[in-house]
Each structure stands twice: as C-alpha cells, then as structure tokens.
Amino acid sequence: MDPAIRPHHPPTAGTPGGADGSGVPDVFDPRIYAGGVPHERYRWLRDHRPVAWQAEPEVLGWPAGPGFWAVTRHADTVRVLRDHATYSSWLGATQIRDPDPADLPFIRRTMLNQDPPEHGRLRRLAARAFTPGRVDAFAARVRDRARTLLSAARDAAEDGTADLVRTVTDEYALLNLTDLLGVPAADRGLLLDWTVRIIGYQDPEDAPAPVLGPDGRPVNPRSPAMLGEMFGYARELAAHKRKAPADDLMTALAGAGLADAELEMFFFLLTVAGNDTVRSAAPGGLLALAAAPDAYRRLAAGDTDPARAVDELLRVHPPVLSFRRTAARDTVLAGQHIRAGDKVVVFHASANHDERVFTDPARLDLGRAPNPHVSFGDGPHVCLGAHFARLQLRTLYETWCALMPPPELAGPPRRLVSNFINGITRLPLRVSGPAR
C-alpha cells in the first residue's frame, strides 16, 4: 500500500478531558476555529505534547481519516518545513484530509505538492515571472485602490459602520491579484467564486452546497472533477496572452515554456493562494488593531516601522492555520517516534505564539524584532508571493491610518469554519469619524 495512505492508529495518552478521551485537546475540528484561534489548546500542546496524535473523525459530511501528528512548537515546525527529505509534500499532498488516491497524480502537478528537485524547477520558472520589480510596479495602483475602496465604504455607511470584508478587503485582494495576473475586468468575479469554493469548503455558510459523488460523499473541491472550469479558463487566458502580450504575470507564465498541465496548476495556485492570503490577512490585521488601540495610535502617529508592523500583524493573524506533510521514513520529532506514512501537520498559528521564541506572544508589539514568524512558511515552500502580500497589507494599513478613524468593532466578526485558512467572513467596523 502507498505509505501516503497507509492507516495508522497509535495509542493515545494524556490527562483526562480530551474530546476523544485521550486528554489531548482537539485542534482538528474546523468548527472550533469559528470561535477564534484556539490559543489555549495550542499552549497546552506546546507545553505538554508538542507532537500530539489527533483523531480525524467525520465532520460536516466529510469522511473520517486515519489521524495525524499535530506539531505546535516553532522549532519543530521549522524543522518539518525545511526537511523535505523526511517530511514530504508529494507523498500525500498538503491538506490534512487525505485526497482520493485516484486524484493524487493530478494533485501532485502543482508546485505546492512537490518536493525538490522537481519543485525547484517549477519554482524557478515562476520566480522569473513573479519578480519584485513587476510587483513593485503595481504599488501606485494598489494605493489608489485602497483609497478608493476605503473612501467608498466610509461614504456609503449610513449608520457609520461597514462590513470591511464585503466592502473593502475581498475586493482589494481580488482586484490587486487580477491586475497582477492580467485577468480582464469582466472575468474577475470568477476568481472570487473559485476561491470561495476551494478555500471555504468546510464552512456550510461560506461555501456553495458541496457536489456529491456517487457514494453520497462530498467531492473534494481540489479534485480534477471540480477544477475543469478554472483550468479551461487558464488555457484560454494563456492563449490570449501569447497573441496579445502585456506586462502581467500570465503573459510571463504563458511564455515560460510550461506544459499545459503545469500552467493550469500555476493559475490554480496563484488564483487561490494569491487571493486568499491577503483576503484572510487584511481583515485579521484590522481586527488585531481594533483590539489594541494603543498600538494603533503609535502606528497612525508614525512611531512604528510599517514593515515591522505588517510582520507582527501577520504573526498574530497568519492567513494559513496549518499545512500537512507526510513522513517519508521513520523518524523522531521532539521525542515522538513517527512512522513512514504518518501525516504530520504543522500549526502556524501555534508556532507564531511559541513562548520559547516570542516574548509575551499574546501582546501585539508592532515594533517586534526579530520576528521569525512562519506565516509565509519556511524552507523550500516559503510563499512565493510574500513580497506582493506585504506590499498590499502595508498599503492598506497606511491608507486606513490616513483616511479612517481608529478601527473599532461595531459588532461581532464572523470567522471561517476551517482548520486550514484563518479567514474572517464578516468584520463590522466603525468607519465614520476623524482619522487617527
């Protein structure tokens, strides 16, 4: 049997009180995250079971899995992310839930689900297209968009409040990405629809009703059966760019010598990851600033380095909660024996709050330095679009400080039901009043 899908159920242990009777806090159930990042559970795991076995029961119609090792300390997270020879992205892909074995060859086409050296070849091709210079050329356009969207949200707010996700951050992330890609304006809504379907699939409210397979189970939104429309669009767009080249990312990728399947998977990765990184991080940063008015005042007064502030906001609200690897061989991590074929899942939000690395991690310190957060990953898979994400986030926060009142909640936010994306689907903030 393929070790990526070999079932493995080691004995559990711990103090009484765990959801499965093991005493180990559950950090798998995506419904937990609708109430906020479970920092108390993460802290218990870091202190007592830094590599802890997690059960994987059926949830919201999605089938049960064999379980996995949850990695919650910073040093162990970095070790897993850097050691691709031991902890593979290719064996079982990078989502906690096991893909259908029939889908694995397809899923492995994307750079995200490959290991070096194959991963390096595709990453180098993408890096030649996704240059800092090309990204920086969009800086003025990004700033104009932030001003336009924030001003419109403020001016349209009849009661002085607005849902920043609906009025600002979803559009901001989407339009910036489609500008960079070179997607025609008439097609831009397609990218948001695809992102919501793929990222929000665990959330009964955020995602469309799942498509059911012949067995009555939901079909994985990342399976080939569900991505045909997106891939067809990617081929059409690339063909158009070859005939009518422009200074955009799809033109560069269309001329990079990629096979059709590789180009389709790049488009998938850029559309989903490129959109949802900022779509999740931007409202998360505003929410963190609303909860820390003194820190916001220092930022608005220019007393804090904006680049450091962005990294601290990313630390406290990473866009991605977890990523999976699969053990390629028997190994030991933090004293825990792990067998070849076991799923190993790193929890970025926990690593970013590890007291062994970050002093007073619950405090928002916008001047924190050094700040070795893992919100953009580490090792060979570190986020290729991190520069573009930081540019967008810094611009949005600077523009907020210039135009808007101090961020203040006008109602409870709503969080995405997901153990993968740290999403916020509603963020009501006060938008009327003097700036700063």
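Before moving on, here are some points about what is shown:
- Search result, residues across segment 51-92 that are open to solvent by less than 10 Å² (accessible area, probe 1.4 Å) and at positive phi: G67
- In segment 253-301, of all residues being of a type in the set (D, E, K, R) and open to solvent by 10 Å² or more (accessible area, probe 1.4 Å), the one that is nearest to D193 (Cα to Cα) corresponds to R279.
- For segment 97-111, a tally of residues being open to solvent by 50 Å² or more (accessible area, probe 1.4 Å) and under 18 Å from G274 (Cβ atoms) returns 1.
- Filter result for G341 (under 25 Å from Q95 (Cα atoms), out of contact with any Phe, Trp or Tyr (no Cβ under 6 Å at 6 or more places or on another chain) and either of a type in the set (A, V, I, L, M) or crowded, with 20+ Cβ neighbours inside 10 Å (or both)): yes
- Residue under evaluation P204, criteria (1) at pLDDT 90 or above; (2) at negative phi, criterion not met: (1)
- When the residues of segment 378-432 are filtered to those that are of a type in the set (G, A, S), open to solvent by less than 40 Å² (accessible area, probe 1.4 Å) and touching a residue at least 24 places away in the same chain (Cβ under 8 Å), the one that is farthest from T167 (Cα to Cα) is G379.
- Residue satisfying condition, being of a type outside the set (S, T, N, Q) and free of Cβ contacts under 8 Å to residues at least 40 places away in the same chain, within set D354, D294: D294
- Single residue of Y33, Y42 found to be within 22 Å of D98 (Cα to Cα) and among the hydroxyl-bearing types (S, T, Y): Y33
- Residue that is farthest from K343 (Cα to Cα), among those in segment 53-108 that are among the charged types (D, E, K, R) and touching a Ser or Thr at 6+ places or on another chain (Cβ under 7 Å): D103
- Out of R141, R147, sole residue that is under 22 Å from A252 (Cβ atoms), open to solvent by 30 Å² or more (accessible area, probe 1.4 Å) and at pLDDT 90 or above: R141
The values are calculated or read from the model by the stated rules, or taken from the named source; none is laboratory data. These numbers were taken from a predicted model, which means no experiment stands behind them. Heads up, the Cβs are rebuilt from the backbone with ideal geometry, glycines too, and the neighbour counts pull from every protein chain shown. The area values use the complete protein model at the heavy-atom level, side chains included, leaving out ligands, DNA and RNA. Shrake-Rupley method; radii C 1.70, N 1.55, O 1.52, S 1.80 Å.
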